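Inspection log for the structure reproduced underneath, given as structure tokens.
The values are calculated or read from the model by the stated rules, or taken from the named source; none is laboratory data. Here the structure is a predicted model, which means the values were calculated and not measured. Because the Cβ atoms are built from the backbone with ideal geometry, glycine has one as well, and the counts that use them run over all protein chains shown.
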């Protein structure tokens, strides 16, 4: 009668009955999926944009967006939820990548090498966020399959931190591995559009070198992208954010979004930043600052200003009239989705890396090593498109600052401003001009308190 | 040969006639039952026939037919039988012979307090049992016997209804219950093994009583107003408050003159209504006893169209065969339930929404919280150059109630058949089959277009039509959604046991041995939905839905749980002086079939000593009865969360799916959760000791109990390290929970004269709950989410379960200078609460949060007073609980612009020096002990005055009318609606629990009073 206690599962499929149904592809798709989660639509805005001089918290004065007001005012502590959310989210993304890589190695099959390379690209991209936000962080142990069970490297102590150099080394190795395997954008078959490419890995590696002030290496990788012939600038700046230019000539890597409930985009990315109030369509967070408007005006940059900012009362390119009575005067236009306005599941592809930035990376690195001519040429390619006067004859430091400002205007609301301010040392001055009190400790976010509760031996960042 | 006819009367010792006594000629089929006056007639008898007279509670008596034709027989009371008998698992026992702690509640106690669920009526009646009620129609109360021992596992006691183990008694009408027996200590409950950790409640429904048919008709009607309503600020107070808040943050100012002054509670609340009507008939003869009842219960809630209705049909019959050698008992309960559910969020929204918002705008749309930022008027209309802002981010509670259209129906069939065969006078074999089948169906109609239009009064139908045309696949632009879900569930149990009951001289022995087989959760669940059905209710069928959207269907079979059990119990006493009980239960459970050992053994021991049987106390005039009891036992909780499958996928829009390719085709992905590990049931071990006493000629009775129960392997929800590979939380055994307490019951009753008798009783329970021995890295489970990013509870060693973890407020910032010169939390401004820098690091963050007790009451007590004077009866019941803290999240969780109670408005900080206690209109919404309040309360549960008419007519043997006030008064310092917050929500079965919303008032159903009139008629 012991058989009476052997009950077959009916509601959920047992793990052992599912294993045979999975391929390495499934787990790599699972890593990409991480980038569409809500964390990237709210917490992420807080620690990349709202905190910077480009953006204000937005929304109603009384709606603090959990901690967005504290981030905007640089008054956050080690228990600030937004950076803690991203900390965990990034580590879980890395965990998925580690599992996918181990699973692919274990299972083999077609495209295994490419899938592993994609996973390494995504892992590197994610560690890059961690190192920029928190400095030297723990490098998670990799996985090995032992008797069919996933076993995490036991030697890695999750309560200790690696150095910043070690993390960058790890990122570089992943990207070098990826570059040697990944196909170029044009080499992929159509149904794989949107996967990480060799160009994406090169472009990201160029940026990684830029952050470490390894100018020659940055130039080398940027040149690799430029000379590949796979990319060019979109003729009209504003077209870069249209649906028809998704994965277009300028696109090097972007997060894919279809915008239907069944296949969501970056969840609520457009909604959290949509116009708020009567006839509005969103929560109204992450609004462009006056400081940014002034920066556009100082440069006489009408094209990018209008492509970046929605002004209350304006009629948008798709014919939508934005009511003059919406709650905030300015909203981010790069987050605006015409087709699925206000939907939780937007169709907005998020542009992560595009050709214009590669030109600016090259320009900055060339300027840093004194190749002012090459720097100016690359810079002017970007300026020409938006009908700004070409620069010429600037001294090295002036040119570098010009390029920094160009980055600000070209890449506004593309989640790089805060890290640029930190990297270039402009933060104290720029934030003061924005009316905020930037302190030394703000160069890094605090290690989340909940992590320290779990691993009390982990060292906190200075000043927190 | 023709016999003769004899007649007579059967009486008790006081010559009072006994109706319903059985009079039977031995060895002949000649038989009668006495009528109301005790008369009987036997035809065709002969001289020398022996006649046996039996009647429940009396010793049987025999007489021989002589030449006389009339007989008067006085029966003697069977004092042994009259002693209180309690129901134990798989048997019955005299209360005086218990070694464990069992409390019995009889039917009169249960029905005195009108309720849909019998457990609701027992608040404050049973020592050691803490019942938290919700006044929501059809709600299930939270019942905790001897404290809470589990963080995540099932918290409900096991109910055994006429031998059928079930998890609730919502289908049982209180009027049909004969008795409820609470098996509180481990030695009593151990016979139910792996499912007894939360205690066992045995429910016995009424059976027919031998004798003439008796009919009862009972009915009551009552009104249910809200008891403890919080008075909210009016428009002018709100404007002041809003303007102060916005002045501090550089926001807009409102005009003093506004068009509307809405009292949202007036708009949302109505007076509830309750009606219960019962008809029953019972009786019995030589071979059959029968009981039939029909019960209708209806309740209308505080929200418009919120209804609960239940009809119950009960048929219980007993067949006695082969000269009572074989007894077959059949119980059947059919209950149908019909509910209209409404959103409890409306109680919350009514609290927060601004009084400046109208219920409706003149254009017929529901009001929204708009104001013109330029003119400061609460309107959605803007002139040129003006913009519209939001007063609050909340909706319109009247609209919320109107738009939620949810119906729930269920039918439950429950019953058992028991055959008891007396093999010899000492040995009885019992076989019982019990089963329950339930069909349930819910229907939800969601008017999507109406919600869309009403969430912004400037929206037009044309806009909606355009969006619908442009997005033909987007479900959010459907006119409406209709969804059904239905489920079917079956369970059965088959128990067989043998009982041997004998005595040798002064040695009394009672042995029970048996086995049980049980399967639960056999069934399936399905749901289907479609869009764009016609608006008229009569067409709410999937058939009439539009083909524009794909109809969706989903169906799944459930995985059943099987139990296989063996049990045995030995009870021995010497001369009813020294007692010993030993129990052993062995349970196998399919839930744990992946474990190496999925069989559990649950032993228990009990001893007793009746001191009044000893010479030194025998015949003592003061002490009539005194008994000491002691017990130990182990119990299990098999209703625990299990770790789920390792690899996770989602066929819908999960974060592991992605789109690739020019057409952005959806590609399904997968990820690994956390490596699953096997769990076992939670084990509770308990030591318990008690004392029963009866003094002063049995007028003063009561008991005293102490217990110490430890859940040895409490399951915790563990969050993987934030920077580790695996993401999903998993469960693991990781702590002990200790409940220690005592219970005290005392009752005095006396009959002063034939006309006047009275009783007064009280019970008190004290319980201390502590989490101990938490495994390393497992501390810190968070809970009590307020829905605004703030959490309020945290698990920690040395603290009770569900302990509050909050900032400590130490006053109010008076000036900016003060903030600048002290440790302050980010964003602090004058008028905000000031929090203590517990670790003195100059920064206020989570490291400064401290523990502040728990929502679990440390004590609760009941008080009952009753008297009868001639035909009048009066009773008063009170209930209190305390020593706990509850969280007023209604007051705390602000996003900005919300309304506040008048008292908060009056006591607020208005500038330096105004107050150092209460924050100003501009305040933060962090969870702090400022919002944590004492949960102590004392409530009058019930006051009833009744009058019984003496012998009305020939047909009406008894009639009673009464008026009753339920919850007429509450005494509490708590500033919200009710300090008794069970967290019950019919729309969210997971809302309750130590790490959920229990103890937090956010969308809790308010406390209501009931004023009712009722009558009982017996025919």
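Take the conditions closer than 24 Å to residue A:459 by Cβ and crowded, with 22+ Cβ neighbours inside 10 Å and apply them to residue A:115. Does it pass?
Here the answer is no, as residue A:115 does not meet what is asked.
Of everything in region A:431-446, what is in contact (Cβ under 8 Å) with a residue 24 or more places away in the chain and either more than 22 Å from the chain's Cα centre (by Cα) or outside any helix (DSSP H, G or I) (or both)? Give them in sequence order.
A:433, A:434, A:436, A:437, A:438, A:439, A:444, A:445, A:446
Report yes if some residue within region A:184-198 is more than 10 Å from chain B (Cβ to nearest Cβ), in a helix (DSSP H, G or I) and under 21 Å from the mean Cα position of the chain (by Cα); otherwise report no.
Yes: one or more hits.
Can you pull out every residue in region A:275-291 that is under 23 Å from residue A:409 (Cβ atoms), in contact (Cβ under 8 Å) with a residue 40 or more places away in the chain and more than 12 Å from chain B (Cβ to nearest Cβ)?
Within region A:275-291, A:285, A:286, A:287, A:288, A:289, A:291 qualify.
Which ones in region B:796-809 are over 23 Å from residue A:80 (Cβ atoms) and crowded, with 20+ Cβ neighbours inside 10 Å?
B:799, B:800, B:801, B:802, B:803
Can residue A:75 be described as over 30 Å from residue B:649 (Cβ atoms), surrounded by fewer than 22 Cβ atoms within 10 Å (Cβ to Cβ) and more than 9 Å from every other protein chain (Cβ to nearest Cβ)?
no
For (1) closer than 28 Å to residue B:727 by Cα; (2) within 14 Å of chain B (Cβ to nearest Cβ), each residue gets a yes or a no:
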| site | (1), (2) |
| --- | --- |
| A:432 | no, no |
| A:441 | no, yes |
| A:448 | yes, yes |
| A:457 | yes, yes |
| A:464 | yes, yes |
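Buried (at least 17 other Cβ atoms within 10 Å of the Cβ), away from chain B (no Cβ under 14 Å) and part of a helix (DSSP H, G or I) - does that describe any residue in region A:245-255?
no
If you scan region B:439-479, which residues turn out to be touching a helix residue (DSSP H, G or I) at 6+ places or on another chain (Cβ under 9 Å) and in a strand (DSSP E or B)?
Listed by number, the residues that qualify are B:445, B:446.
Looking at this structure, is residue A:421 within 30 Å of residue A:77 (Cα to Cα), touching a residue at least 12 places away in the same chain (Cβ under 8 Å), touching a helix residue (DSSP H, G or I) at 6+ places or on another chain (Cβ under 7 Å) and crowded, with 23+ Cβ neighbours inside 10 Å?
Yes.
Tally time: how many residues in region A:349-373 are in a loop (DSSP other than H, G, I, E, B) and closer than 23 Å to residue A:293 by Cβ?
0
Of the residues that make up region A:102-124, is at least one within 7 Å of another protein chain (Cβ to nearest Cβ) and touching a helix residue (DSSP H, G or I) at 6+ places or on another chain (Cβ under 7 Å)?
Within region A:102-124 (the criterion being within 7 Å of another protein chain (Cβ to nearest Cβ) and touching a helix residue (DSSP H, G or I) at 6+ places or on another chain (Cβ under 7 Å)), the answer is no, since none of the residues qualifies.
Could you give every pair whose Cβ atoms fall below 9 Å, whose first residue belongs to region A:317-342 and is within 9 Å of another protein chain (Cβ to nearest Cβ), and whose second residue is assigned to a strand (DSSP E or B) and at pLDDT below 85, counting only separations of at least 6 or pairs across chains?
These pairs meet every condition: A:340/A:260.
Would you be able to say whether some residue in region A:171-180 is within 22 Å of residue A:446 (Cα to Cα), surrounded by fewer than 17 Cβ atoms within 10 Å (Cβ to Cβ), over 19 Å from the mean Cα position of the chain (by Cα) and in contact (Cβ under 8 Å) with a residue 24 or more places away in the chain?
No, because not a single residue in region A:171-180 is within 22 Å of residue A:446 (Cα to Cα), surrounded by fewer than 17 Cβ atoms within 10 Å (Cβ to Cβ), over 19 Å from the mean Cα position of the chain (by Cα) and in contact (Cβ under 8 Å) with a residue 24 or more places away in the chain.
Only one of A:52, A:60, A:82 is crowded, with 24+ Cβ neighbours inside 10 Å, at the interface with chain B (Cβ under 8 Å from one of its Cβ atoms), touching a residue at least 24 places away in the same chain (Cβ under 8 Å) and within 25 Å of residue A:346 (Cα to Cα); which?
None of the others qualify; the one that does is A:60.
Search region B:554-572 for residues being more than 29 Å from the chain's Cα centre (by Cα) and surrounded by fewer than 22 Cβ atoms within 10 Å (Cβ to Cβ), and hand back the single one that is farthest from the other protein chains (Cβ to nearest Cβ).
Result: B:572.
Pull up region B:349-379, narrow it to residues that are out of contact with any strand residue (DSSP E or B) (no Cβ under 9 Å at 6 or more places or on another chain) and closer than 30 Å to residue B:997 by Cα, then point me to the one that is surrounded by the most Cβ atoms within 10 Å (Cβ to Cβ).
Per the stated criteria, the residue is B:353.
Return a yes/no flag: does region A:200-216 have any residue that is crowded, with 22+ Cβ neighbours inside 10 Å, closer than 22 Å to residue B:663 by Cα and not assigned by TED's automatic domain parsing to the domain that holds residue A:115.
There is at least one residue in region A:200-216 that is crowded, with 22+ Cβ neighbours inside 10 Å, closer than 22 Å to residue B:663 by Cα and not assigned by TED's automatic domain parsing to the domain that holds residue A:115.
When the residues of region A:412-430 are filtered to those that are over 15 Å from residue A:291 (Cα atoms) and assigned to a loop (DSSP other than H, G, I, E, B), which remaining residue is nearest to the other protein chains (Cβ to nearest Cβ)?
That would be A:415.
Here's the yes/no breakdown for (1) touching a helix residue (DSSP H, G or I) at 6+ places or on another chain (Cβ under 8 Å); (2) modelled with pLDDT of 95 or more:
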| site | (1), (2) |
| --- | --- |
| A:397 | no, yes |
| A:407 | yes, yes |
| A:411 | yes, yes |
| A:443 | yes, yes |
| A:450 | yes, no |
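Mind checking whether some residue in region B:513-531 is farther than 30 Å from residue B:464 by Cβ, part of a strand (DSSP E or B) and more than 14 Å from chain A (Cβ to nearest Cβ)?
Within region B:513-531, one or more residues are farther than 30 Å from residue B:464 by Cβ, part of a strand (DSSP E or B) and more than 14 Å from chain A (Cβ to nearest Cβ).
For region B:594-603, state whether one or more residues are over 15 Å from residue B:99 (Cα atoms), in a helix (DSSP H, G or I) and away from chain A (no Cβ under 14 Å).
Among the residues of region B:594-603, not one is over 15 Å from residue B:99 (Cα atoms), in a helix (DSSP H, G or I) and away from chain A (no Cβ under 14 Å), which makes the answer no.
Out of the strands (runs of 3 or more DSSP E) lying entirely within region B:793-846, which hold 2 or more residues that are touching a helix residue (DSSP H, G or I) at 6+ places or on another chain (Cβ under 8 Å)?
Result: B:803-806, B:833-835.
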